[in-house]
Amino acid sequence: MFLRDVLRSFMMRTETETPRSVHCFALKCGLLQDLATSSKLLTFYGRTGELVSSSCLFDELKEKDVIVWNSMITALNQNGRYIAAVGLFIEMIHKGNEFDSTTLLLAASALSSLHLSRKCSMLHCLAIETGLVGDSSLCNALMNLYAKGENLSSAECVFTHMEHRDIVSWNTIMTKCLANGHPRKSLQYFKSMTGSGQEADTVTFSCVISACSSIEELTLGESLHGLVIKSGYSPEAHVSVGNSIISMYSKCGDTEAAETVFEELVCRDVISSNAILNGFAANGMFEEAFGILNQMQSVDKIQPDIATVVSITSICGDLSFSREGRAVHGYTVRMEMQSRALEVINSVIDMYGKCGLTTQAELLFKTTTHRDLVSWNSMISAFSQNGFTHKAKNLFKEVVSEYSCSKFSLSTVLAILTSCDSSDSLIFGKSVHCWLQKLGFGDNMLSANSVINMYIGCRDLTSAFLRLETMSETRDLTSWNSVISGCASSGHHLESLRAFQAMSREGKIRHDLITLLGTISASGNLGLVLQGRCFHGLAIKSLRELDTQLQNTLITMYGRCKDIESAVKVFGLISDPNLCSWNCVISALSQNKAGREVFQLFRNLKLEPNEITFVGLLSASTQLGSTSYGMQAHCHLIRRGFQANPFVSAALVDMYSSCGMLETGMKVFRNSGVNSISAWNSVISAHGFHGMGEKAMELFKELSSNSEMEPNKSSFISLLSACSHSGFIDEGLSYYKQMEEKFGVKPVTEHRVWIVDMLGRAGKLREAYEFITGIGEPQKAGVWGALLSACNYHGDTKLGKEVAEVLFEMEPDNASYYISLANTYVGLGGWEEAVRLRKMVEDNALKKLPGYSVIDVRCLDTVS
């Protein structure tokens, strides 16, 4: 007995005695076959990590009781050898050795670490068979293992049949209900627990307050906050409870209460700071979130952890704060976080992608040795968001070959779907749609809505509407908004309005702000002012207050419908107009030839103007033919450093060339350092407008030899216009043929208008007519209108009458066609026909927009 006590004292002095020395002492004293001593020695070996010696000792023992077996399994668990622990447990069962509740508890722990929750039922059966289910600790472990495998019903079954429940039992079932997405069940168990007389502890309160946070039950959360204080677990002293309360108030939108609890915490930890930081960020209080980050380091002396970094990089990405994002990235490198946590790398890649820094994101992605699926998803998304669709698709093909189908997540496919945004991507988009179906995500609402957006972006409206139709029982407001907003943003405005009508007729779903933004935008682009006013009224009727974004959309809509009075009225109703509001009303006035009103409005601007503001001002100057206003605007934008913006540069070229200062416009183009397609198109158009066709063609040749860009649709419109004004017919026809063959630009109505105008100016009316009829598809009124003008100029009444009949059928309310044909008859002395046509205009109350001229005599006003 004395020797055993000495041996026990040796084992207690782990700082001075090693397992081997204790082993030797036991061997000398003949105590090695004493099972109690052997089990303690096995445990000693396990604690110090000497598993080889532990296994040898275990194998040498001739007789082993349940305590010895448990000690060996414990040693394996302590050292992360979970597979070996499970194997030893199975060996124990096969050999018929007796086991107890501790054995099953150890086996459950090993299975949990191996994520083999599906094997829990085997342990449960053994516990029932041997009558061990009365052990509360074992039942708690079984509940934990069942719930970890998302088998909550079995966990609840274990809990229901427990004879004796302790606080750990209640906490286990509540936390597992919450973890499996059933916060209301968690609250129901809490109610049952309080009814049974069991007192809550900090774990209980943290769980139920988190449940309130999940369902955003602020009133119940406030009640629980009171109960916490009443029970003596004040948030100020119990930091875990305080952190849960901060998160609850933040999630429910009461940031003031969250901040109060945070400030009152006696001992804040990094979790406290993360909770309030995330709360501020979720409620749009980004400045306050950065303030917390600063306070963590400078005041509380708390080192930001991985969760802090992930949160702050997410904020930087959402706000496009590239400078702050780079600083956070630098911090992660200094603290060696990237080598320890892959989620840090993934969050930084995502941040760079959202900030438009695709090169930096790609460099980080390529230099990362260990990637997971999230890394690939983040990089694909970064490419897709920034227009590198080809790279996004190639990376998706790589990830398909890297991972098996079973490992794919929905995020992978959703990331690549956004890169399918043109008709050229339709085949690829369809293949991704097939992948969605194959992976079992076809019925997921998020994926279904994303597929609709993809088909709309690829101009396949038939497939988009077919997908919407197949979701007749499950489609939600987001599904309809995907179609309505997607069609509106892709130029399919009529289809957008038809989708809204279909949704309204169905009557199941009520519209929201997103719906109205799409329909109002579509109405504006179609020039349907009456329809736009109806949606305006619907917005006033159905929304609590008009959002500034909606009011800006209304201004734009009224501007496009030429109702500048209503546009200005909506602008006047905005209590605190942002810069976008000012830009919208300036653009609306500028588009409707209200140039002077633009500058009067600009003088009242209290905000700092941006590039879009100056594009509107330059457009107004162009309409007024006023270099005085335009040059003042030019000076302002130079002081602000906007001259390098491609759209500003193009607007300056347009303004100077329209005001007769082509040479100045060319100096602006050459000196701005801008190498954008819009600026090139402007200078080509400017030379054509001034009859300098040869120079326009030289510029186009210079553009087409530029390796950094390719001519687009607008480039050829400007070029063909120049050829038409200068009479270069053969060259113009040659460029038209090269458009699609050499440059891949498909001809549109504007190109055909200039070809007809070019042939018409040269008197080749029959060739122009044959060109139109030879296209093989009906042409819009603009093409026929150009031919009618040419017939008028050359006095060809026969062809003119034939063309006019086509136009009268297409646009019977357009007075210009009647007057143009009447003028043709007048030129040839056909007064009777001319009078008849004029009378038709009067009888039908048709009006032709009057022309006007502007002379800039002197301008004493200043822009600001």
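The values are calculated or read from the model by the stated rules, or taken from the named source; none is laboratory data. Please read these numbers as outputs of a predicted model, since none were measured by experiment. For neighbour counting, all protein chains shown are included, and Cβ atoms are generated from backbone atoms with ideal geometry for every residue, glycine included. In case anyone asks, the SASA skips ligands and DNA or RNA and just uses the protein heavy atoms, side chains included. Shrake-Rupley method; radii C 1.70, N 1.55, O 1.52, S 1.80 Å.
From the list Val585, Val568, Val648, which one is among the β-branched types (Val, Ile, Thr) and open to solvent by 40 Å² or more (accessible area, probe 1.4 Å)?
Within the list Val585, Val568, Val648, the selection yields Val568.
Look through Glu608, Glu545 and report the one residue that is assigned to a loop (DSSP other than H, G, I, E, B), without any contact (Cβ under 8 Å) to a residue 24 or more places away in the chain, open to solvent by 70 Å² or more (accessible area, probe 1.4 Å) and not hydroxyl-bearing (Ser, Thr, Tyr).
Glu545 is the lone residue from the list that is assigned to a loop (DSSP other than H, G, I, E, B), without any contact (Cβ under 8 Å) to a residue 24 or more places away in the chain, open to solvent by 70 Å² or more (accessible area, probe 1.4 Å) and not hydroxyl-bearing (Ser, Thr, Tyr).
What is the residue count in region 452-482 for residues that are in a helix (DSSP H, G or I), in contact with a Gly (Cβ under 9 Å, 6 or more places away or on another chain) and open to solvent by less than 20 Å² (accessible area, probe 1.4 Å)?
7
May I ask you to say which residue of Gly625, Gly673, Gly691 is on the phi > 0 side of the Ramachandran plot and either modelled with pLDDT of 85 or more or within 37 Å of the chain's Cα centre (by Cα) (or both)?
On the way: Gly625 fails: either modelled with pLDDT of 85 or more or within 37 Å of the chain's Cα centre (by Cα) (or both); Gly691 fails: either modelled with pLDDT of 85 or more or within 37 Å of the chain's Cα centre (by Cα) (or both).
Of the residues listed, the single one that is on the phi > 0 side of the Ramachandran plot and either modelled with pLDDT of 85 or more or within 37 Å of the chain's Cα centre (by Cα) (or both) is Gly673.
I'd like the residue in region 115-155 that is in a loop (DSSP other than H, G, I, E, B) and within 25 Å of Glu98 (Cβ to Cβ) and, out of all such residues, is nearest to the chain's Cα centre (by Cα).
Initially, region 115-155 is screened for residues in a loop (DSSP other than H, G, I, E, B), giving 115-116, 130-135, 149-151.
Pick out the ones that are also within 25 Å of Glu98 (Cβ to Cβ) and you get 116, 130-135.
Values: Leu116: 35, Thr130: 55, Gly131: 55, Leu132: 53, Val133: 50, Gly134: 52, Asp135: 50 Å.
So, considering only residues that are in a loop (DSSP other than H, G, I, E, B) and within 25 Å of Glu98 (Cβ to Cβ), the one nearest to the chain's Cα centre (by Cα) is Leu116.
Which numbered condition in (1) among the β-branched types (Val, Ile, Thr); (2) surrounded by fewer than 13 Cβ atoms within 10 Å (Cβ to Cβ); (3) modelled with pLDDT under 60 is the only one that Thr14 fails?
Only one criterion in (1) among the β-branched types (Val, Ile, Thr); (2) surrounded by fewer than 13 Cβ atoms within 10 Å (Cβ to Cβ); (3) modelled with pLDDT under 60 is unmet by Thr14, namely (2).
It is to be established whether one or more residues within region 739-746 are open to solvent by less than 50 Å² (accessible area, probe 1.4 Å) and of a type in the set (Lys, Arg). Steps first, please.
Just the residues of region 739-746 that are open to solvent by less than 50 Å² (accessible area, probe 1.4 Å), to begin with: 739, 743, 745.
Among the residues that remain, those that are also of a type in the set (Lys, Arg) are: none.
The answer is no, given that none of the residues of region 739-746 is open to solvent by less than 50 Å² (accessible area, probe 1.4 Å) and of a type in the set (Lys, Arg).
Looking only at region 365-417, filter to residues that are aliphatic (A, V, I, L, M), more than 19 Å from Lys430 (Cα to Cα) and open to solvent by less than 40 Å² (accessible area, probe 1.4 Å); which one of those is modelled with the lowest pLDDT?
Of everything passing the filter in region 365-417, Leu373 is modelled with the lowest pLDDT.
How many residues are over 37 Å from the mean Cα position of the chain (by Cα), in a helix (DSSP H, G or I) and not charged (D, E, K, R) when one looks only at region 696-748?
Qualifying residue count for the region: 19.
Give Tyr249, Tyr233 a once-over and let me know the one that is of a type outside the set (A, V, I, L, M, F, W, C), buried (at least 18 other Cβ atoms within 10 Å of the Cβ) and over 37 Å from the mean Cα position of the chain (by Cα).
Answer to the check: Tyr233.
Please enumerate the residues belonging to region 216-248 that are farther than 18 Å from Thr202 by Cβ and of a type outside the set (Val, Ile, Thr).
Within region 216-248, the subset farther than 18 Å from Thr202 by Cβ is 216-220, 222.
Matches in region 216-248: Glu216, Glu217, Leu218, Leu220, Glu222.
From Ser206, Ser186, Ser210, which residue is small (Gly, Ala, Ser), at pLDDT 90 or above, assigned to a helix (DSSP H, G or I) and open to solvent by 30 Å² or more (accessible area, probe 1.4 Å)? Step through it out loud before you land on a result.
Details: Ser206 fails: open to solvent by 30 Å² or more (accessible area, probe 1.4 Å); Ser186 fails: open to solvent by 30 Å² or more (accessible area, probe 1.4 Å).
Residue meeting the stated conditions: Ser210.
Within the set of pairs 6 or more residues apart or between chains, which connect a residue that is closer than 15 Å to Ser375 by Cα inside region 331-360 to a residue that is open to solvent by less than 30 Å² (accessible area, probe 1.4 Å) and part of a loop (DSSP other than H, G, I, E, B) with Cβ atoms less than 7 Å apart?
These pairs meet every condition: Val344/Met337; Ile345/Thr368.
If Val299 meets every condition in (1) open to solvent by less than 50 Å² (accessible area, probe 1.4 Å); (2) at pLDDT below 90; (3) of a type outside the set (D, E, K, R) apart from one, which number is that one?
Condition (1) is where Val299 drops out.
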